[in-house]
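What follows is a short report on a single structure.
The values are calculated or read from the model by the stated rules, or taken from the named source; none is laboratory data. Computed from a predicted structure; not experimentally measured. Neighbour counts are summed over all protein chains in view; Cβ atoms, including those assigned to glycine, are modelled from backbone coordinates with ideal geometry.
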Amino acid sequence: MSEVGESLNFIEHIVEEDLENGYSPSDLRFRFPPEPNGYLHIGHASSICLNFGLGLRYNAPVNLRFDDTNPIKEEQAYVDAIKKDVEWLGYNWDTERYASDYFQQLYDWAVMLIKEGKAYVDSQSSEQMAAQKGTPYEPGRNSPNRNRSVAENLELFKGMKDGNFEEGSHVLRAKIDMTAQNMLMRDPIMYRVLHKAHHRTNTDWCIYPMYDWTHGESDYIEQVSHSLCTLEFAMHRELYDWFLDQVVDSKKLRPKQREFARRNLSHTVVSKRKLLQLVEQHVVDGWDDPRMPTISGLRRRGYTPEAIRNFVDTIGIAKRENLIDVSLLEFHAREHLNKIALRVMGVLDPVKVVITNYPEGEEEWLETENNPEDESAGTRQIPFSREIFIERADFKEEANRKFFRLKLGGEVRLKSAYIIKAEGCTKDADGNIVEIQCVYDLKSKSGSGTEESMRKVKGTLHWVSIKHAIKAEVRLYDRLFSDESPDTHKDKDFMDFINPEALEVITGYLEPSLVSAKIGDRVQFQRLGYFCVDPDSSQENLVFNRTVGLRDTWAKIQDQ
RNA sequence: UGGCCUAUGGUGUAAUUGGCAACACAGCUGGUUUUGGUCCAGUCGUUCUAGGUUCGAGUCCUAGUAGGCCAACCA
């Protein structure tokens, strides 16, 4: 994986430095620590690739650890979805862990802290405590409960654990410093009373530990060497270290927290809370809706794990704010799909073409290559007949030289078939073209080797024989938000920027080979884009999702 | 009024740790092409500001500016 001259990100530099300064390679251990309160999104992919990538690079174990300390928001269904996504991305964790596995150890340590006078039970309301906490500019004040006796603290804490108290009646706080600059050090809460069933521990516990108390100690228990998290936890590091100081054995490895900037993707939101809002308000059809930037949404959209990993690799890891253009993600989808997707033909906005000199009732099967990028993909047969569909946009009665598609009196090549010439068209009462009449050159058949078949014609169109075409539902996706950074406007809600045209459902006419397409199959509809078969698809109703369109130079020329 | 973090082309990330600012995407120009795709060639353009240290600064120091984060019994 690592090569000479390869450039490292700042996290890798830190690891390299640690290795030089005495860490043994066997000391290295990483973890990916999702909270099971939602689905993983493209931002998490960065963290997954970072942690598991480090594991691969240094041949070090990586744990999958669920940070499940808040039973109000967490569910087993999310655990399952997260595991599926990590596996799909192509990573193997060393062991599957849960912060809840450590509840007893955490409790024992908390009792120890109480005995050492470093933690106390506070029995005020959250409002009272908030008022005493001060502000970033003013110090806080001590709680009246701060100097309770060890015995009383012990008894109250035991009572909290045993379920003798109502939610909100007591909390356990670390006794640090109410005047600290860092507000997280102003006697942070370690435990709250919660009479909620937990997805793993059920009703065993009536108290649940807070993130700060749990995370670093979990890293320590697992002997994680580098605990990597996003920048918003930078201020938590001081507390992370303080909690570690209370329990570490100097003979064991002490984890270190380092922070990196989360990745923001343009034209979407990368926040579980906001994505949940989209799901709950039915803006999308679920966490795996192909419009969603979730791993499961991207999967359903037709993205490959390789494309996502390559994307994550090129955007890198750093500490500055960023807004990565979604076109870079699309580039990586095309890059991989170009290599693996079989080429097929489908017409999404059809107009009928009649080849007047082609015998009525006749049909023939033509050979066409499955993927010009991959000779081993072979060839297949496609049917041709007198009446075909082409794209409406591929015909104009009159057009300038730049338009090298079909126009009256002009010639085009039908992909893998014949050269045709448009001689006329008929319109309905509203002036819409309903039929184009063409003649074909019998000798121009693709691959026949004749002089005529070698003729250079500027345009090549995709087409489908009407008689043989199969209908399919085609879902065309666009960006979910019209604004490139919908959730950074101070005076507007991100929901105001939802793009109502992010999904358009149409009927497409596809070549018959696609009847056997299976859920998840990825193909390129030639000249249109990459599509994949949606899980909603059935024998009766084929459903294709557009993953991403092809690069479209013609669209750019038209815009000018 | 405070603390912490960050600042490199349009975007993202590098720079052998103080030694010719590079890679990818996007853009533009051409070539190839039975996909206006792919591929190939070329091109455009960058170190927030002001001082300082140094033979030499994107990198170190000082000040400023701009942006992000910090007052949940969330993570």
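Would you check if A:S169 is assigned to a helix (DSSP H, G or I), among the polar types (S, T, N, Q) and within 30 Å of A:L276 (Cβ to Cβ)? Let's see the steps before the verdict.
Working: assigned to a helix (DSSP H, G or I): no; among the polar types (S, T, N, Q): yes; within 30 Å of A:L276 (Cβ to Cβ): yes.
It is false that A:S169 is assigned to a helix (DSSP H, G or I), among the polar types (S, T, N, Q) and within 30 Å of A:L276 (Cβ to Cβ).
Could you tell me which of the residues A:I324, A:I295 is closer than 28 Å to A:E473 by Cα and among the β-branched types (V, I, T)? Show your work before the answer.
Values: A:I324 fails: closer than 28 Å to A:E473 by Cα.
Sole residue among the options that is closer than 28 Å to A:E473 by Cα and among the β-branched types (V, I, T): A:I295.
For region A:59-94, a tally of residues being away from RNA strand B (no atom under 16 Å from the Cβ) and within 21 Å of A:Y23 (Cβ to Cβ) returns 5. Quick check: is even one residue across region A:124-137 more than 30 Å from A:F165 (Cβ to Cβ) and either buried (at least 16 other Cβ atoms within 10 Å of the Cβ) or within 16 Å of RNA strand B (Cβ to nearest atom) (or both)? Within region A:124-137 (the criterion being more than 30 Å from A:F165 (Cβ to Cβ) and either buried (at least 16 other Cβ atoms within 10 Å of the Cβ) or within 16 Å of RNA strand B (Cβ to nearest atom) (or both)), the answer is yes, since at least one residue qualifies. Among the residues making up region A:164-181, those that are over 21 Å from A:G117 (Cβ atoms) and within 14 Å of RNA strand B (Cβ to nearest atom) are A:F165, A:E166, A:E167, A:G168, A:S169, A:Q181.
For A:H489, the conditions (1) within 13 Å of RNA strand B (Cβ to nearest atom); (2) over 19 Å from A:T368 (Cβ atoms); (3) not assigned by TED's automatic domain parsing to the domain that holds A:N322 all hold with the exception of (3).
Those residues that are over 20 Å from A:V412 (Cα atoms) and either out of contact with any helix residue (DSSP H, G or I) (no Cβ under 8 Å at 6 or more places or on another chain) or of a type in the set (A, V, I, L, M) (or both), I need them from region A:366-380; list them, please.
A:P372, A:E375, A:S376, A:A377, A:G378, A:T379
Across region A:401-424, the number of residues qualifying as near RNA strand B (Cβ under 10 Å from one of its atoms) and either part of a loop (DSSP other than H, G, I, E, B) or of a type in the set (D, E) (or both) comes to 9.
Quick check: is even one residue across region A:314-321 assigned to a loop (DSSP other than H, G, I, E, B), among the basic types (K, R) and touching a residue at least 60 places away in the same chain (Cβ under 8 Å)?
Looking only at region A:314-321, we keep the residues that are assigned to a loop (DSSP other than H, G, I, E, B), and these are A:316-321.
Of the ones still in play, those that are also among the basic types (K, R) are A:319-320.
So of that shortlist, the ones also touching a residue at least 60 places away in the same chain (Cβ under 8 Å) come out as A:319.
Within region A:314-321, one or more residues are assigned to a loop (DSSP other than H, G, I, E, B), among the basic types (K, R) and touching a residue at least 60 places away in the same chain (Cβ under 8 Å).
Scanning region A:543-560 for residues that are surrounded by 21 or more Cβ atoms within 10 Å (Cβ to Cβ) and outside any strand (DSSP E or B) gives no hits. A:E364 meets the conditions (1) assigned to a strand (DSSP E or B); (2) in contact (Cβ under 8 Å) with a residue 24 or more places away in the chain in every case but one. The failed one is (2). Listed by first and then second residue, the pairs with beta-carbon distance under 9 Å, at least 6 apart or on different chains, first residue in region A:445-462 and without any contact (Cβ under 8 Å) to a residue 12 or more places away in the chain and of a type in the set (S, T, N, Q), second near RNA strand B (Cβ under 7 Å from one of its atoms) and in a loop (DSSP other than H, G, I, E, B), are A:S453/A:K445; A:S453/A:S446; A:S453/A:G447.
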